[in-house]
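Colleague: Below you will find the structure I want to go over with you.
The values are calculated or read from the model by the stated rules, or taken from the named source; none is laboratory data. As the structure is a prediction and not an experimental result, all values here were calculated from the model. Here Cβ is always computed from backbone atoms with ideal geometry, including for glycine, and neighbour counts include all displayed protein chains. Surface areas here come from the heavy atoms of the whole protein model, side chains and all, with no ligands, DNA or RNA. Shrake-Rupley method; radii C 1.70, N 1.55, O 1.52, S 1.80 Å.
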Amino acid sequence: MLKEEEFVHVIKRNEGVIFKITTMYSDNRADQQDLYQDVVYQLWKSFDSFRAESKMSTWMYRIALNTALTKLRKTKRMGHSVSIDQVIMRQTENYDSEFEEKLKVLYAHIKELNVLEKGVVLLLLEGKKYEEISEITGLSPGNVGTRVSRIKQKLRKQILKN
């Protein structure tokens, strides 16, 4: 298989990883699309350097998070601010408006977390174990557990306040 074909296959198989990060770290559809392209570009640039010392998804998360954080820092330096689009999670057959509303509230509160907390929550929601979150973020597994507990308390407090 050619390198390009293999890369496209990897991206298609793991595009949910990229989509989740771009959604979490972007305030509107245009910024999300720009960030998606930036992440794919960074993955392409780093594709030859993947040494399979970790799972492909772990490697992709690390690059995607770093790309999102770099772009976020640049945007903050420029003083650029935009309104947050609402998260729309419609399913064609099993649409549950109450569930969607709860998701919107949860994601709105997650977007208010600091950069590292957002990343940890995103990975946790993805079903990653503490060890893999540790590998991606550079935190120790114990520190991940402590942060997860504090983030849950923080979110619970914020949601109940509203």
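Colleague: Looking at the chain as a GNM with Cα springs under 10 Å, which of 99, 19, 47 has the largest mean-square fluctuation?
Modeller: 99
Colleague: Next up: Under a GNM of the chain (C-alpha, springs under 10 Å), which listed residue has the highest mean-square fluctuation: 26, 140, 57?
Modeller: 140
Colleague: Between residue 55 and residue 154, what is the spin-label point distance in nm, taking each point 7 Å from the Cα along the Cα→C-beta axis?
Modeller: Between residue 55 and residue 154, the simple spin-label model gives 2.5 nm.
Colleague: How many angstrom separate the Cα center of region 99-162 from the Cα center of region 1-68?
Modeller: Using only Cα atoms to place each centre, the spacing works out to 21 Å.
Colleague: I would also like to ask the following. With all protein chains present, how much of the accessible area of the chain (probe radius 1.4 Å) comes from carbon and sulfur, to the nearest whole percent?
Modeller: Carbon and sulfur: 51 percent of the exposed surface of the chain.
Colleague: Ok, one more. Work out which helices of the chain, taken as complete DSSP H runs, extend at least 18 Å along their axis over the Cα atoms and score a mean Kyte-Doolittle of -1.0 or more, then list them. Walk me through the numbers before you get to the answer.
Modeller: Working: long enough: 29-46 (25 Å, -1.08); 56-78 (33 Å, -0.40); 97-111 (21 Å, -0.44); 141-161 (30 Å, -0.88).
Once both thresholds are applied, what remains is 56-78, 97-111, 141-161.
Colleague: What does a probe at residue 8 reach in region 22-55, counting residues whose amide N is under 17 Å from the point 7 Å along Cα→Cβ?
Modeller: Only 40-41, 44-45 fall inside the zone, counting backbone N under 17 Å.
Colleague: Relative contact order for the chain: what percent, with Cα pairs under 8 Å and sequence separation of 6 or more? Mind dumping the intermediate values first?
Modeller: Details: 107 pairs, mean separation 35.7, N = 162.
Averaging sequence separation for qualifying contacts and normalising by length gives 22 percent for the chain.
Colleague: Amide H of residue 54 versus every other amide H placed in the peptide plane: which residues, excluding those fewer than 5 positions away on the same chain, fall under 5 Å?
Modeller: Those lying under 5 Å, H to H, from residue 54: there are none.
Colleague: Please give the calculated 222 nm ellipticity per residue for the chain, where each DSSP H segment of at least 4 residues contributes -39500 (n - 2.57) and the sum is spread over every residue; nearest 500 deg cm²/dmol? Display every interim value, and only then the final one.
Modeller: On the way: 8 runs with 117 residues, N = 162.
So the helix-based figure for the chain works out to -23500 deg cm²/dmol.
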